[in-house]
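The values are calculated or read from the model by the stated rules, or taken from the named source; none is laboratory data. These numbers come from a predicted model, not from an experiment. We place every Cβ from the backbone using ideal geometry, glycine too, and count neighbours over all the protein chains shown. To get the accessible areas, we keep the full protein, side chains included, count just its heavy atoms, and leave off ligands, DNA and RNA. Shrake-Rupley method; radii C 1.70, N 1.55, O 1.52, S 1.80 Å.
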Amino acid sequence: LPQPAYVLGRRWDVLAWNRAAADLLGFGRLAEGDRNVLVAMLTNPRVRDLFGAAWADEARRMVSEFRATHDLWAGDPAFVALIARLHDGCPEFGDWWQAHDIRTGTAGRKRFHHPKLGLWQFDHTSFQSNDDPALKLVIYTPA
């Protein structure tokens, strides 16, 4: 695909991505243990800068959407470790998590302020795999 696309696992770990996603989101520059969209969004200053003034709204939205995923595997040690890491790495996360907001959503619009590519706006949508519901494909289309 010419537009950014990536595949997430059940904890929202980034399992695969294309070149356009690498250029925009920099997954390949992240350490393997940091290739999780929540970890990147909530603990990586470069990603925070990428979202600019919209970061807090977008981050809170993502936490609310992740809550629905988390609740399916709440006792799983991998999820417990992820939540602890997010608490440690993002001061805002504790309040957002405590609010227990749950949103479902597979589509929306995002604006990125990329240091080299400039301002980009994308519509995004995600598709869950029928064969493995833990897998999700996310595709961005220029808006």
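Observations on the structure shown:
- Qualifying residue in region 34-45 (condition: free of Cβ contacts under 8 Å to residues at least 12 places away in the same chain and either more than 22 Å from Ser129 (Cα to Cα) or acidic (Asp, Glu) (or both)): yes
- Check on Ile139, touching a residue at least 40 places away in the same chain (Cβ under 8 Å) and aliphatic (A, V, I, L, M): yes
- Residue satisfying all of: in region 1-10; open to solvent by less than 50 Å² (accessible area, probe 1.4 Å) and either over 10 Å from the mean Cα position of the chain (by Cα) or at pLDDT below 95 (or both); nearest to Ala68 (Cα to Cα) among these: Gly9
- Listing of strands (runs of 3 or more DSSP E) fully contained in region 31-143 that carry 1 or more residues being under 19 Å from Leu15 (Cβ atoms): 118-128, 136-142
- Residues satisfying the stated conditions in region 12-24, i.e. of a type in the set (D, E, K, R) and at pLDDT 95 or above: Asp13, Arg19
- Scoring Phe66 on the criteria (1) open to solvent by less than 30 Å² (accessible area, probe 1.4 Å); (2) within 15 Å of the chain's Cα centre (by Cα); (3) more than 26 Å from Ser129 (Cβ to Cβ) leaves a single failure, condition (3).
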